[in-house]
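The values are calculated or read from the model by the stated rules, or taken from the named source; none is laboratory data. Everything numeric here is computed off the predicted structure, so don't read it as measured data. Counting neighbours? That spans all protein chains shown, and the Cβs are built from the backbone with ideal geometry, glycine included. Accessible surface is based on the protein model in full, side chains and every heavy atom, while ligands, DNA and RNA are left aside. Shrake-Rupley method; radii C 1.70, N 1.55, O 1.52, S 1.80 Å.
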Amino acid sequence: MAIEVDMMKKVPVAEQDPKERAKNFDEVCLGYNEEEARAESTRCLQCKNPKCVEGCPVSIDIPGFIGKIKDGDDAGAFEILSAASTLPAVCGRVCPQEKQCEGNCIRGIKGEPVSIGKLERYTADWAREHGITPVKENQKKGKKVAVVGAGPSGLTCAGDLAKMGYDVTIFEALHKAGGVLVYGIPEFRLPKDKVVAKEIENVISLGVEIKTDYIIGKSETIDELMDEQGFDAVYIASGAGLPMFMHIPGEQALGVYSANEYLTRANLMKAYRDDYDTPINKGEKTVVVGGGNVAMDAARTALRLGSKVTVVYRRSEQELPARAEEVHHAKEEGIEFALLTNPVEILEDEEGFVKGIKVIKMELGEPDASGRRRPIEIPGSEYEIECDAVIMSLGTTPNPLIPGTTKGLDTSKKKCIIADEETGATSRPGVFAGGDCATGAATVILAMGAGRKAAKGIDEYLSR
Amino acid sequence: MFKILEARELAEKTYLMVVEAPNVAHACEPGQFLIVRADEESERIALTICDYDRDKETVTIVFQTIGESSYKIAEKKAGDSFADVVGPLGNAAEYVNEPIEEVRKRHYLLVGGGLGTAPVYPQAKWLKEHGVDVDVIIGTKSHDTLIMEKEMIDAVGEEHVFVTTDDGSYARHGMVTAVIEELVKDMGRHYDMCVSIGPMIMMKFCVKLTKELGIPTTVSMNPIMVDGTGMCGACRLIVGDEVKFACVDGPEFDGYKVDFDSAMKRMKLYKTEEGRRLLEYQEGKTHKGGCGNC
């Protein structure tokens with residue numbers, strides 16, 4: 001039965017029922033099937049001057065791959081997709097499309113934009129299910145590049161360089177490759193074995209070697225990589241580092257976690273599964289502080305572990321930095337939002353455990369440096385929310401291991417590695433950087449975009 | 001995989017293992033630590049490096065069995081392997097990167113309490129090998145729990161090692177603080193720097209005394225960690241009114257500035273029977289046998 005397409009609306013995508021999925025870690029969105037993908041692809045206007053591509057940090061030829069889906073040529077669609085993106089099955093799931101490709105889509109002016117993210121996911125999933133891997137080039141450059149960190153930025157840069165013919169080795173500090181894709185983003189949004197592991201295998205199939213349990217900046221410095229191990233260039237993509245806290249009373253209480261810790265326990269260490277040893281606090285009432293994607297991930301993880309969850313965010317719904325889909329899903333699953341509210345103190349019982357959080361109501365004033373209206377406390381509006389766990393999701397500062405042990409590597413006031421936006425070049429010749437370690441905490445796709453630009457930058461540097 | 005070359009029990013519930021770990025062995029210095037994951041399903045456990053051999057590419061770890069994950073480590077035998085050994089992590093002891101002539105001008109007092117004796121050993125050895133004067137105090141519950149006395153004597157000489165037991169079953173009778181007082185007040189020894197490693201409560205009282213005696217003191221903090229690489233923030237401490245992270249800012253800190261009470265509160269409830277029962281009551285059976293390291 002053919003699907004009737006309303007040109008003003010996206011073809012709906014199947015999702016797990018909110019009540020059901022609130023109790024499991026299986027993927028929430030089930031993705032388009034073939035018929036749905038073909039139907040949605042007919043909504044693309046095939047613009048001559050596609051605005052969507054301008055909105056894509058890795059410049060995927062979006063009308064190109066959607067045109068192939070429309071023609072029934074899924075292999076052709078994947079070829080176009082994989083030429084630009086190393087991790088398409090990941091991007092289709094976690095990119096903030098509404099702010100990028102779909103935000104620019106002409107369809108979106110009068111109706112809903114084309115569901116580019118879901119079509120990307122369809123194509124990448126189709127290729128994986130059919131055992132199709134990206135094309136490997138045979139030419140060899142005879143030069144070695146080291147990549148520090150096997151997260152989205154490092155994997156992208158490594159994949160691109162390998163395709164150009166470089167010998168690439170990725171050094172990963174954790175026991176598993178993937179960076180935030182394995183320790184940060186939860187299983188229900190991004191399946192680890194089915195999707196992430198397979199995309200990393202694709203990068204390895206291009207000839208990239210990944211060494212885990214390897215701490216650059218401690219076991220080996222950047223200088224040793226270049227001077228002793230014979231690497232001609234290094235790309236630093238060491239990612240986000242230490243979590244920020246609010247410096248309010250009670251933050252050292254038992255039951256206060258950073259979102260990084262909470263999610264690492266759940267995702268990387270698989271604490272939600274009985275067959276893994278790492279424990280996690282299954283609170284009865286959890287308060288998550290913050291409004292970004294990480295806050296939504298932490299909130300929805302706590303919910304799945306059996307807790308009631310309230311998200312406390314100091315601005316209004318409009319300013320929530322999380323992807324629209326995540327906020328929508330969180331609400332559907334029963335997570336409460338205390339907006340225009342900010343913590344002032346974490347309350348602890350006589351044993352040192354969290355027993356609540358004291359918050360204050362806020363109102364929005366004049367726009368601040370970020371362009372968003374500044375939240376201002378409303379005097380006398382404090383109240384308490386009862387809870388036994390608090391998860392702080394306020395952002396991170398860059399990982400300090402490499403800047404601290406690499407001479408001549410300039411960093412900014414915020415301790416980010418200073419890197420050229422177009423090439424990734426740092427103050428040290430041959431040393432490039434990108435992703436969260438250079439920009440501060442951002443998204444998977446921006447980190448991938450930086451990896452892609454740095455691969456070009458490194459190629460130009462080594463071709464001189 | 002990281003092969004175990006030697007495994008033996010030093011005292012009840014205390015084990016020593018020599019492990020092949022080239023990436024750690026070729027770069028580690030006294031003061032640093034590593035992370036072990038016994039198997040695929042195991043926790044990441046932070047352990048201090050007790051010794052290392054750069055030529056053989058091995059490191060020596062000494063640990064106690066507290067919870068399930070440390071039991072899993074202890075169950076391994078020579079010839080078995082760990083899934084992961086990662087390091088070196090944290091910063092080397094301050095003197096390692098100071099001009100050695102400056103370090104040689106100082107008299108060092110090293111204090112190891114219980115399992116803390118193990119991480120004191122590479123410090124004692126390093127200082128002695130670099131021609132620095134060093135005295136070592138080893139404090140332990142009783143003769144049965146005493147570890148590494150012989151190694152310490154071999155490293156710094158018998159006249160520089162002072163053992164004390166809480167129950168008086170061997171050598172001196174009493175706390176390490178009593179020995180510090182004896183050395184400084186009765187024997188007239190002078191120290192310019194103290195390094196104290198052991199249970200939080202011992203370090204707290206050690207610092208209280210050395211502060212009175214005017215001896216600057218470094219302590220090594222061993223809070224709960226997950227990744228150990230500067231990412232998760234579980235190991236946060238209050239040091240001089242600032243939030244510090246033991247894994248990247250430490251593990252050694254100025255003992256005068258550490259807020260031991262808040263650090264102990266975070267440790268206590270996870271490390272004692274009472275605390276674990278409380279946790280089970282409050283958090284349900286999430287600790288899978290009382291991990292002791294969450």
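For region A:281-311, give me each residue that is aliphatic (A, V, I, L, M) and open to solvent by 10 Å² or more (accessible area, probe 1.4 Å). Answer for region A:281-311, where residues must be aliphatic (A, V, I, L, M) and open to solvent by 10 Å² or more (accessible area, probe 1.4 Å): A:Val294, A:Leu303, A:Leu305.
A:Ala442 meets all of the listed conditions (1) outside the structural domain of A:Asn342 (by TED's automatic domain parsing); (2) open to solvent by 20 Å² or more (accessible area, probe 1.4 Å); (3) in contact (Cβ under 8 Å) with a residue 24 or more places away in the chain but one, namely (3).
State which residue is modelled with the lowest pLDDT when the search covers only region B:23-52 and only residues that are open to solvent by 50 Å² or more (accessible area, probe 1.4 Å) and in contact with an Asp or Glu (Cβ under 8 Å, 6 or more places away or on another chain). This residue is B:Glu41. May I ask you to verify whether A:Arg38 is of a type outside the set (Phe, Trp, Tyr) and open to solvent by 30 Å² or more (accessible area, probe 1.4 Å)? Against the criterion (of a type outside the set (Phe, Trp, Tyr) and open to solvent by 30 Å² or more (accessible area, probe 1.4 Å)), A:Arg38 qualifies.
Scanning region A:167-196 for residues that are more than 22 Å from A:Ala442 (Cα to Cα) and within 14 Å of another protein chain (Cβ to nearest Cβ), we see that the one that is most open to solvent (accessible area, probe 1.4 Å) is A:Asp193. Look at region A:45-56: where a residue is farther than 22 Å from A:Asp6 by Cβ, no partner that is surrounded by fewer than 14 Cβ atoms within 10 Å (Cβ to Cβ) and at pLDDT 95 or above sits 6+ places away or on another chain with Cβ atoms under 7 Å. Scanning region A:285-310 for residues that are among the hydroxyl-bearing types (Ser, Thr, Tyr) and either under 30 Å from B:Lys72 (Cβ atoms) or within 14 Å of another protein chain (Cβ to nearest Cβ) (or both) gives A:Thr286, A:Thr301, A:Ser307. The criterion of at least 3 residues that are within 26 Å of A:Ile204 (Cα to Cα) is met by the following helices (runs of 4 or more DSSP H) wholly inside region A:59-141: A:74-84, A:88-94, A:116-129.
Restricting region A:379-400 to residues that are over 21 Å from the mean Cα position of the chain (by Cα) and crowded, with 24+ Cβ neighbours inside 10 Å, the residue that is modelled with the lowest pLDDT is A:Ala389. All of (1) in a helix (DSSP H, G or I); (2) surrounded by fewer than 21 Cβ atoms within 10 Å (Cβ to Cβ) hold for A:Lys48 with one exception: (1). Within region A:285-306, identify whether any single residue is touching a Gly at 6+ places or on another chain (Cβ under 6 Å) and in a loop (DSSP other than H, G, I, E, B), and answer yes or no. For region A:285-306, residues touching a Gly at 6+ places or on another chain (Cβ under 6 Å) and in a loop (DSSP other than H, G, I, E, B): absent. Just one of the numbered conditions (1) modelled with pLDDT of 90 or more; (2) within 14 Å of another protein chain (Cβ to nearest Cβ); (3) over 23 Å from B:Gln64 (Cα atoms) is not true of B:Thr217: (2). Of all residues in region A:345-364, none satisfies being under 23 Å from the mean Cα position of the chain (by Cα) and either open to solvent by 30 Å² or more (accessible area, probe 1.4 Å) or not acidic (Asp, Glu) (or both).
Within region A:85-112, the set of residues being open to solvent by 10 Å² or more (accessible area, probe 1.4 Å), aliphatic (A, V, I, L, M) and closer than 15 Å to A:Gly449 by Cβ comprises just one member, A:Val94.
Restricting attention to region A:37-51, the residues being under 30 Å from A:Glu187 (Cα atoms) and either in contact with a helix residue (DSSP H, G or I) (Cβ under 8 Å, 6 or more places away or on another chain) or hydroxyl-bearing (Ser, Thr, Tyr) (or both) number 4. Counting only residues that are among the β-branched types (Val, Ile, Thr), more than 10 Å from chain A (Cβ to nearest Cβ) and either buried (at least 24 other Cβ atoms within 10 Å of the Cβ) or within 20 Å of A:Met269 (Cα to Cα) (or both), how many does region B:220-248 have? Qualifying residue count for the region: 0. For region A:224-260, the set of residues classified as of a type in the set (Asp, Glu) and within 30 Å of A:Ala454 (Cα to Cα) consists of A:Glu224, A:Asp227, A:Glu228, A:Asp232, listed by residue number. Residue check: A:Asp368 meets all listed conditions (1) exposed (fewer than 13 other Cβ atoms within 10 Å of the Cβ); (2) on the phi > 0 side of the Ramachandran plot but one, namely (2).
The strands (runs of 3 or more DSSP E) found entirely in region B:159-270 that carry 1 or more residues being touching a Leu at 6+ places or on another chain (Cβ under 7 Å) and under 30 Å from B:Ile45 (Cα atoms) are B:161-165, B:193-197, B:242-245. Anything in region A:409-422 that is open to solvent by 40 Å² or more (accessible area, probe 1.4 Å) and under 16 Å from A:Gly449 (Cβ atoms)? List them, or say none. Answer for region A:409-422, where residues must be open to solvent by 40 Å² or more (accessible area, probe 1.4 Å) and under 16 Å from A:Gly449 (Cβ atoms): A:Asp420, A:Glu421, A:Glu422. Each residue in region A:84-139 was checked for being β-branched (Val, Ile, Thr) and either in contact with a Cys (Cβ under 9 Å, 6 or more places away or on another chain) or free of Cβ contacts under 8 Å to residues at least 24 places away in the same chain (or both), and 5 pass. When residues in region A:218-231 are screened for being in a loop (DSSP other than H, G, I, E, B) and over 29 Å from the mean Cα position of the chain (by Cα), 3 of them pass. The condition (being over 30 Å from B:Met264 (Cα atoms), in contact with a strand residue (DSSP E or B) (Cβ under 8 Å, 6 or more places away or on another chain), buried (at least 21 other Cβ atoms within 10 Å of the Cβ) and touching a residue at least 40 places away in the same chain (Cβ under 8 Å)) is satisfied by just one residue among A:Arg314, A:Arg373, A:Arg323: A:Arg314. Restricting A:Lys48, A:Lys70 to residues that are among the basic types (Lys, Arg) and modelled with pLDDT under 95 narrows the list to A:Lys48.
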